[in-house]
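Shown next, in structure tokens, is the structure this report addresses.
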Amino acid sequence: MKKLVYLISPGKINKKFYSNLHAVLSQGNVKFFQLRLKNIKANKLLKIAKDIRKITFKHKVKFIINDNFNLALRVKADGCHLGQLDGSVKIAKKKLKNKILGVTCHNSKILAKNAIKDKVNYLAFGSFFNSKLKPNAIKANLNILKWAKNNIKKPIVAIGGINNLNYKRLIKSGAKYIAISSFIWDNPKLKPELAIRKFK
């Protein structure tokens, strides 16, 4: 099965999460898992990251930490993702050495070109649809994906309100990976391991 999902953690991690993560990753279509937790104590975050690292390693899924390259180094994650306000890409690149570094470019060719100059490993564009995770996110349109497909040699991740009914449009327009969170973790109709199967 093609690994096309870039899975982002729920905003809160409960005890049931770890068994759900096992079940989701065992479906075989997740390439990356990003831990994205805000307003959480450092020692708690470290423990969660270490526990997740074991699961992602077992399933051969790349483990990415959101906006904290020091934590990424501490838990031997595969890389780090930075938003536009998450600090210097150059410093992160230097610290992470050969690890993966991804950057959010919203709907901007200028941000994308800057990211390429900084030698990032992938670029994320969005939000393409209304997102529960980031309700006030900058909106992106499919033209940015088409442009990126023709002008950028790095993998492209599409993000924002993606579900089983709209993801194919993004892949056709040029996204290599689709970032999903709410559809998997907050789906009122489907358990996480059934929700993830919708993306083939």
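The values are calculated or read from the model by the stated rules, or taken from the named source; none is laboratory data. Given the structure is predicted, the values throughout are model-derived calculations rather than measurements. Note that each Cβ is placed from the backbone with ideal geometry, even for glycine, and that neighbours are counted across all protein chains shown. Note: areas computed on protein heavy atoms with side chains; ligands, DNA, RNA excluded. Shrake-Rupley method; radii C 1.70, N 1.55, O 1.52, S 1.80 Å.
Points to keep in mind about this one:
- Accessible area expressed per residue, the chain, with surrounding protein chains retained (probe 1.4 Å, Å²): 55 Å²
- Cut-off under 5 Å, modelled amide H: who pairs with Ile100 long-range: Gly79, Cys80
- Label point distance in nm, Ala23-Lys97, each placed 7 Å from Cα along Cα→Cβ: 3.9 nm
- Residues in segment 72-86 carry Karplus couplings, in order, of 4, 5, 4, 9, 6, 5, 7, x, 9, 10, 10, x, 5, 10, 9 Hz; the curve used is 6.51 cos²θ - 1.76 cosθ + 1.60 with θ = phi - 60°, and Gly or Pro positions show x.
- Amide H within-cut-off set for Ile138, under 5 Å, with H built and near neighbours excluded: Ser127
- Share of carbon and sulfur in the accessible heavy-atom surface of the chain [1.4 Å probe, %]: 53 percent
- Amide H contacts under 5 Å for Asp67, placed H, 5+ residues apart: His81, Leu82, Gly83
- Treating each Cα of segment 5-107 as an identical point scatterer and summing with the Debye formula, the log10 of I(q)/I(0) at q = 0.13, 0.21, 0.25 Å⁻¹ comes to -0.43, -1.13, -1.49.
- Once the chain from Lys38 to Lys172 is taken as fully extended at 0.36 nm per residue, the excess over their C-alpha distance is 45.0 nm.
- Three semi-axes of the equivalent ellipsoid, the chain, Cα gyration tensor, whole Å, largest first: 24, 22, 15
- Cα-based reach from Lys149 at 20 Å (exclusive), listing aspartates and glutamates while leaving out same-chain residues under 8 positions away: Asp118
- With the helix formula -39500 (n - 2.57) applied to DSSP H stretches of n ≥ 4, the chain reaches a computed 222 nm mean residue ellipticity of -10000 deg cm²/dmol.
- Potential lengthening between Lys191 and Asn164 on full extension [0.36 nm per residue; Cα-Cα distance subtracted]: 8.3 nm
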